[in-house]
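Following: one structure in structure tokens, then a few remarks.
The values are calculated or read from the model by the stated rules, or taken from the named source; none is laboratory data. The structure presented is a predicted model; accordingly, all values stated were derived computationally and were not measured. So basically every Cβ, Gly included, is an ideal-geometry build from the backbone, and we count neighbours across all protein chains shown.
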């Protein structure tokens, strides 16, 4: 399994009043042979970990994974399955990462509940 590699350097964000975060610079990461560019000013909620999962994995361990995943869901540049797989690879990469058990549990939750947000973004595309 190919590991995710951060290209752009550390994540730089600003916390917004609504709890979301805004990227202060581009985030670039290479996964599965493709480079994913998340633009400056993109807003994210990181990984939407429900309250009952927060004891399993901390947001700080999957923050980059969440930003990349939110961008992939919003843009639809890859399939939902691939976006979720990329989240997993980003979550276990780097020096401060989730372990494979933590990442698997969160990945499984994405597979079960992520369709709600995926479909929301696809409906927006059709309306535009």
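Structure notes:
- So residue 64, is it at pLDDT 90 or above and more than 24 Å from residue 105 (Cβ to Cβ): no
Quick grid of which residues meet (1) under 15 Å from the mean Cα position of the chain (by Cα); (2) modelled with pLDDT of 95 or more; (3) crowded, with 18+ Cβ neighbours inside 10 Å; (4) within 18 Å of residue 94 (Cβ to Cβ):
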| residue | (1), (2), (3), (4) |
| --- | --- |
| 5 | yes, no, no, yes |
| 8 | no, no, no, yes |
| 24 | no, yes, no, no |
| 28 | yes, yes, no, yes |
| 36 | yes, yes, yes, yes |
| 39 | yes, yes, no, no |
| 44 | yes, no, yes, yes |
| 60 | yes, no, no, yes |
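- For residue 81, the test of being closer than 23 Å to residue 6 by Cα, assigned to a helix (DSSP H, G or I), free of Cβ contacts under 8 Å to residues at least 60 places away in the same chain and under 12 Å from the mean Cα position of the chain (by Cα) is failed.
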